[in-house]
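A.B. asks: Sharing a structure with you now.
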Amino acid sequence: MRQRTIRLTTLVSAIALATALLTTRAWAVDPTELPDARLQARYLALTHELRCMQCQNETLADSPVDLAADLRREVRELLLQGKSDDEVRAWMVARYGDFILFRPRFSARTAWLWLAPGVALLIGLGVCWRIVRGRTALVDADSDPVGEDPPQAPDARG
């Protein structure tokens, strides 16, 4: 009986391992290697701060779609041409707009992105302050002793 349990456990473990290995996505989306370590670091930094235009909530480095692969290739070529990081970003923005940047620049068009969290926080603090102020006014106006039932009006029948 014990030997049968060991065989069954081994079989289940082997099936689970095979399933895990065959159904997971590839670990490395972008295996690009550049000749220089500094260039490679710049490439990785840029692909992690540019947005995939198809996935929209993933960076170019993390996206497995073909468009992201094309954009990664474009970043690689621009870096190999000797372009600076700002020039690569400017090229991408000129082609795809500010949306490609996860952290868009502050401008008249993007001011609401940068100011909205602060405005929302101020509105939330204002609402909290009004609620607390209203509740403290209710406590000050309450003259009934705690724990006692309020006096009841005499019964009209009697």
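A.B. asks: State whether the range 5-144 is rounded, prolate or oblate according to the following rule on the C-alpha gyration tensor (a ≥ b ≥ c being the square roots of its eigenvalues): a/c under 1.5 gives rounded; otherwise a/b larger than b/c gives prolate, and the remaining case gives oblate.
C.D. replies: oblate
A.B. asks: On the Cα set of the range 84-143, report Rg and Dmax in Å, please.
C.D. replies: 21.7, 72
A.B. asks: With θ set to phi - 60° and the Karplus curve 6.51 cos²θ - 1.76 cosθ + 1.60, what are the ³J(HN,Hα) couplings of the range 54-61 in order, to the nearest whole Hz, using x for Gly and Pro?
C.D. replies: Here the 3J(HN,Hα) series is 8, 7, 6, 10, 10, 7, 4, 5 Hz.
A.B. asks: Can I ask one more? Residue-wise, which Karplus ³J(HN,Hα) couplings in Hz belong to the range 111-119, taking 6.51 cos²θ - 1.76 cosθ + 1.60, θ = phi - 60°, and x for glycine or proline?
C.D. replies: 4, 5, 5, 7, 8, 4, x, x, 5
A.B. asks: Then there is this: Measure of size requested: the Rg and Dmax of the range 24-100, with Cα atoms as the atom set and Å as the unit; please supply both.
C.D. replies: 11.9, 37
A.B. asks: Name the long-range amide H neighbours of Leu101: under 5 Å, sequence gap of 5 or more, or other chain; modelled H, no Pro or chain starts.
C.D. replies: Sorted by chain and number, the residues that satisfy this are Arg51.
A.B. asks: How far apart, in nm, are the 7 Å Cα→Cβ label points at Val65 and Trp114?
C.D. replies: With each label point 7 Å from Cα toward Cβ, the separation is 2.8 nm.
A.B. asks: Through the Karplus equation 6.51 cos²θ - 1.76 cosθ + 1.60, θ set to phi - 60°, convert the phi angles of the range 128-136 into ³J(HN,Hα) values in whole Hz; use x for Gly and Pro.
C.D. replies: 4, 4, 5, 5, 5, 4, x, 6, 5
A.B. asks: Can you compute the FRET efficiency between Glu58 and Ala137 using 1/(1 + (r/R0)^6), with r the Cβ-Cβ distance and R0 = 41 Å? Round to the nearest 0.05.
C.D. replies: 0.25
We did not get these values from a lab; they are worked out from the coordinates using the rules stated. Being a predicted model, the structure only gives us computed values, none of them experimental. FYI the Cβ positions are ideal-geometry reconstructions off the backbone, even for glycines, and counts take in every protein chain you see.
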